[in-house]
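Asks: Sharing a structure below in structure tokens format, with a few things to ask.
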Amino acid sequence: MQTIAEIKKESEARMLKSVDALKAELTKLRTGRASTALLDHIRVSYYGNDVPLNQVANVAVADARTLTIQPWEKTMVMPIEKAIHEANLGLNPTTAGTLIRIPLPPLTEERRRDLTKVVKGEGENAKVAIRNIRRDANQHLKNLLKEKKTTEDEERRAQDDVQKLTDRFVAEVDKMLAAKEKELMEM
């Protein structure tokens, strides 16, 4: 059986993971600026294994609207292009020798609104995950009370602490969403 401190610590760790997962999802969403994070989740077939793009090539930002990929082996140019196309990011790589350039088209107003809806959806998913963690923690606390391992006052205080944790992480999610939406709407 867990103690109150362990329940709170586990809840905080799980909420932090939810926020980190949201951060990872938001970096995949393209804004007006070029960012290597856009390609972080792309995996390339390399001698029969799927490996992250950054393990077979150097990925860099050439300018505000262009990414460059310099494969370490000439034979990797085609598999990298294929992986980028299959990622459905709406990007069209162009190759000059072994250098792959990815121009990022400017976002239309409609596309920006669509991305904002996606951002809000991801944020809502993160908040739901955080609230589910709170529910689990509160259930564990009630079980402790039922089994007479804690007093009502301690259980109530612990539930208040869990609620404060929940509020803190939900506020962090809201802050991240506001920043991403602002970034998306900038021209």
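The values are calculated or read from the model by the stated rules, or taken from the named source; none is laboratory data. Here the structure is a predicted model, which means the values were calculated and not measured. With ideal geometry, Cβ positions are generated from the backbone for all residues, glycine too; neighbour counts draw on all protein chains shown.
Asks: Output the number of residues of the stretch 157-187 satisfying the condition of being over 18 Å from the mean Cα position of the chain (by Cα) and closer than 17 Å to ALA126 by Cα.
Replies: So the count comes out to 7.
Asks: Evaluate the following for PRO93: is it surrounded by 15 or more Cβ atoms within 10 Å (Cβ to Cβ) and either closer than 30 Å to MET78 by Cβ or free of Cβ contacts under 8 Å to residues at least 12 places away in the same chain (or both)?
Replies: Here the answer is yes, as PRO93 does meet what is asked.
Asks: Mind listing whichever residues of the stretch 9-32 are within 21 Å of ARG112 (Cα to Cα), without any contact (Cβ under 8 Å) to a residue 40 or more places away in the chain and not polar (S, T, N, Q)?
Replies: Passing the criteria: ALA24, LYS28.
Asks: For the stretch 105-119, state whether one or more residues are touching a residue at least 24 places away in the same chain (Cβ under 8 Å) and either among the acidic types (Asp, Glu) or within 28 Å of ALA5 (Cα to Cα) (or both).
Replies: no
Asks: Ok, one more. Mind checking which residues of the stretch 62-109 are among the charged types (D, E, K, R) and within 23 Å of the chain's Cα centre (by Cα)?
Replies: Scanning the stretch 62-109 gives ARG65, GLU86.
Asks: Still on this structure: Assuming VAL59 fulfils every condition listed in (1) crowded, with 18+ Cβ neighbours inside 10 Å; (2) within 25 Å of LYS182 (Cα to Cα); (3) not polar (S, T, N, Q) apart from one, which condition is it?
Replies: (2)
Asks: For the stretch 132-184, how many residues meet the condition of being within 30 Å of ASP114 (Cα to Cα) and surrounded by 15 or more Cβ atoms within 10 Å (Cβ to Cβ)?
Replies: Result for the stretch 132-184: 12.
Asks: Can you tell me which residue within the stretch 108-131, out of those that are in contact with a Leu (Cβ under 7 Å, 6 or more places away or on another chain) and over 11 Å from MET185 (Cα atoms), is surrounded by the fewest Cβ atoms within 10 Å (Cβ to Cβ)?
Replies: LYS120
Asks: Every residue in the stretch 142-187 that is under 24 Å from ARG14 (Cα atoms) and of a type in the set (S, T, N, Q), please.
Replies: Correct list: ASN143, THR150, GLN159, GLN163, THR166.
Asks: Could you tell me which of the residues THR68, THR98, THR94, THR75 is at pLDDT 90 or above and not assigned by TED's automatic domain parsing to the domain that holds LYS23?
Replies: Only one candidate passes the filter, namely THR68.
Asks: As an exercise: evaluate VAL44 against (1) hydrophobic (A, V, I, L, M, F, W, C); (2) within 18 Å of the chain's Cα centre (by Cα); (3) over 30 Å from GLU152 (Cβ atoms) and give the number of the one condition it does not meet.
Replies: (2)
Asks: Please find, among ASP50, ASP114, the residue that is in contact with a strand residue (DSSP E or B) (Cβ under 6 Å, 6 or more places away or on another chain) and of a type in the set (Asp, Glu).
Replies: ASP50
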